[in-house]
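Student: Can you keep this structure in mind? I'll have questions shortly.
The values are calculated or read from the model by the stated rules, or taken from the named source; none is laboratory data. Just so we're clear, the structure is a prediction, and the values are computed from it rather than from any experiment. Every residue, glycine among them, receives a Cβ derived from its backbone with ideal geometry; neighbour counts consider all protein chains shown. The accessibility values were calculated without ligands, DNA or RNA, using every heavy atom of the protein model including side chains. Shrake-Rupley method; radii C 1.70, N 1.55, O 1.52, S 1.80 Å.
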Amino acid sequence: MTQAPNDQDLIARPGSRLEITTPALVLDLDALEGNIAAMAAITKAQGIGLRPHAKTHKSVAIGRRQMDQGAVGLCCAKLAEAEALAAGGLDRLLLTSPVTGARRIARLLDLQPRCAELLAVVDDPGNLHDLGEAADARAQNLDLLIDVDIGQHRTGVAGAQSALALAEAIAAHPRLTLRGLQGYAGHLQHVAGFEERRRASHAALQALAEVRDTLENAGHPCPIVTGGGTGSHAFDHEAGLLTDLQAGSYIVSDVQYGAVDLAGADVAPFTAGLFVYSRVISASHADFVTIDAGSKTLSTDGPLPEVVFGAAAGTRYAISGDEFGQLTLGPGGAKPAVGDLIGLQVPHCDTTINLFDFYHCIRGDALVALWPIEARGASN
């Protein structure tokens, strides 16, 4: 961590939520715990496992709560995320993007003995060769999933025959074991309409099923088939393919997912639980005020944050520089004064979380804990 957290003296003081030093990333623990329990119950009822994606929260404390609720493991986008979580005692991890280059592969092998289960993905014969040589040199075994491109066009093999060639190469190597497949339709997670998203996701999963069938018919079992996300959690089990779901953002939701009909009939299965608290620092103009939360504290890769308290309904936020934001005031209601507290629902939870060192955790009106974001900035 770059510095000690502010506000330790506020912990457990009644009403201390209103005294938090801003800007701050504020996590509502009641919402978090409710969302974790809800997704655990949903996947249990669906008959599939839950392998939540830790790239959302980057937190040992949250990952531990997910595991305590029955998750089969945690996903990490990058090796450094996995290293940070393993340092905190979380030891069932899947790296969802390829680990390439000699130095990173060496770190992967360093991490492997510290984990009860460590899965890596592969989509390239050259990378597979490098993993095999490194495993040979260290006399270590590696468990692998073949990553399959099912429409996002980011990583993954492009078809069944490419996957089969990798499966055969893995089978020929004594240090490598094929554990199954990964296929993530990230490009579909924010399709707003429920039925449109459902149809598109089922079509993507059909492509993954064809790869699985090709491999299994050739004698390469795939006991793990992992994928899906928050946007497709309600129906991906219907394909009868996935063994576990890689949802991440469900734990806190955000403005992006607030625009998506996640469960049909505009039912919201998860509660908004993550906010940036800010304060008014200038109120010199009649129609707007300036607050202390700009692009260094709010992600700018999606929609704008939504004002949830502290200003009249209809108040709109705009970035006003690295450190500042501007609130154009909605009709009616009192104009916020300098020092007033403003609550903003985060626009994109993953990328906003990565801007902070700590969660300010609240229950009701009290600050109850400060949790480090151990994997913040862990991008290599």
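Student: Let me confirm something: among His190, His237, which residue is open to solvent by 60 Å² or more (accessible area, probe 1.4 Å), farther than 24 Å from Asn127 by Cβ and in contact (Cβ under 8 Å) with a residue 40 or more places away in the chain? If you could, list the steps in order and put the result at the bottom.
Tutor: Values: His237 fails: open to solvent by 60 Å² or more (accessible area, probe 1.4 Å).
His190 is the lone residue from the list that is open to solvent by 60 Å² or more (accessible area, probe 1.4 Å), farther than 24 Å from Asn127 by Cβ and in contact (Cβ under 8 Å) with a residue 40 or more places away in the chain.
Student: Working only within the stretch 317-326, note down all residues that are on the phi < 0 side of the Ramachandran plot and either touching an Asp or Glu at 6+ places or on another chain (Cβ under 9 Å) or open to solvent by less than 50 Å² (accessible area, probe 1.4 Å) (or both). Please lay out each step first, then the result.
Tutor: The first filter runs over the stretch 317-326 and keeps only residues on the phi < 0 side of the Ramachandran plot, leaving 317-320, 322-326.
Selection gives Tyr317, Ala318, Glu323, Phe324, Gly325.
Student: Further question: Taking the options Arg363, Arg376, Arg279, name whichever one is in contact (Cβ under 8 Å) with a residue 24 or more places away in the chain, of a type in the set (Lys, Arg), closer than 30 Å to Asp9 by Cβ and surrounded by fewer than 18 Cβ atoms within 10 Å (Cβ to Cβ).
Tutor: Exactly one residue qualifies, and that residue is Arg363.
Student: For the stretch 43-75, how many residues are in contact with a Lys or Arg (Cβ under 7 Å, 6 or more places away or on another chain), open to solvent by less than 10 Å² (accessible area, probe 1.4 Å) and touching a residue at least 40 places away in the same chain (Cβ under 8 Å)?
Tutor: 2
Student: Now for a different question. Considering only residues that are small (Gly, Ala, Ser) and assigned to a loop (DSSP other than H, G, I, E, B), which ones fall in the stretch 337-380? Give the derivation first.
Tutor: Here is the first cut: in the stretch 337-380, the ones small (Gly, Ala, Ser) are 337, 339, 343, 364, 366, 369, 375, 377-379.
Those that are small (Gly, Ala, Ser) and assigned to a loop (DSSP other than H, G, I, E, B): Ala337, Gly339, Gly364, Ala375, Gly377, Ala378, Ser379.
Student: While we're looking at this one, here's another question. Look through the stretch 264-284, keep the residues that are in a loop (DSSP other than H, G, I, E, B) and modelled with pLDDT of 95 or more, and return whichever of them is farthest from Asn6 (Cα to Cα). Write out each step before concluding.
Tutor: Initially, the stretch 264-284 is screened for residues in a loop (DSSP other than H, G, I, E, B), giving 264-273, 283-284.
If we keep only those that are modelled with pLDDT of 95 or more too, we end up with 269-273, 283-284.
Details: Pro269: 33, Phe270: 29, Thr271: 27, Ala272: 24, Gly273: 21, Ala283: 26, Ser284: 29 Å.
Step by step, filter the stretch 264-284, then rank; the result is Pro269.
Student: Determine which single condition Ala80 fails, assuming it passes every other condition in (1) out of contact with any helix residue (DSSP H, G or I) (no Cβ under 7 Å at 6 or more places or on another chain); (2) part of a helix (DSSP H, G or I); (3) buried (at least 18 other Cβ atoms within 10 Å of the Cβ); (4) among the small types (Gly, Ala, Ser).
Tutor: (3)
Student: If Val307 passes every condition in (1) outside any loop (DSSP other than H, G, I, E, B); (2) without any contact (Cβ under 8 Å) to a residue 60 or more places away in the chain; (3) open to solvent by 50 Å² or more (accessible area, probe 1.4 Å) but one, which one does it miss?
Tutor: Status for Val307: all satisfied but (3).
Student: Same structure, new question: Which numbered condition in (1) touching a residue at least 40 places away in the same chain (Cβ under 8 Å); (2) assigned to a helix (DSSP H, G or I) is the only one that Gly151 fails?
Tutor: Of everything listed in (1) touching a residue at least 40 places away in the same chain (Cβ under 8 Å); (2) assigned to a helix (DSSP H, G or I), Gly151 misses just condition (2).
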